[in-house]
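Here the structure comes first, spelled out in structure tokens, and everything after it is commentary.
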Ligand SMILES: [Zn+2]
């Protein structure tokens with residue numbers, strides 16, 4: 001992961017991050033590998049407290065399209 005920013009201004013420490021490398025991923029339907037990025041979305045992950053304050057990791061992840069034209 002690559003940490004983009006850390007916000008300590010509120011009651012929750014918020015770490016914004018994204019994946020560092022972008023390897024191909026297998027389609028869950030047909031298994032063909034793809035690097036075709038359709039969009040990104042943010043997963044909110046809770047982590048252990050830091051100095052008594054809760055921590056949330058906002059991880060930006062890729063959403064890929066299958067490159068197999070025959071795949072539904
Ligand atoms: Zn597929």
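The values are calculated or read from the model by the stated rules, or taken from the named source; none is laboratory data. Model, not experiment: these values are computed from the prediction. Cβ placement follows ideal geometry from the backbone for every residue including glycine, while neighbour counts extend to all protein chains displayed.
Output the number of residues of segment 1-40 satisfying the condition of being assigned to a strand (DSSP E or B) and surrounded by 10 or more Cβ atoms within 10 Å (Cβ to Cβ). Talk me through it step by step, then tell me what you get.
Initially, segment 1-40 is screened for residues assigned to a strand (DSSP E or B), giving 2-7, 13-18, 25-26, 33-34, 37-40.
So of that shortlist, the ones also surrounded by 10 or more Cβ atoms within 10 Å (Cβ to Cβ) come out as 2-4, 6-7, 13-18, 25-26, 33-34, 37-38, 40.
Looking only at that region, the number is 18.
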Check your understanding: Could you say whether any residue in segment 45-62 is part of a strand (DSSP E or B), within 16 Å of the ligand (Cβ to nearest atom), within 22 Å of residue 3 (Cβ to Cβ) and at pLDDT below 90?
Key -> yes
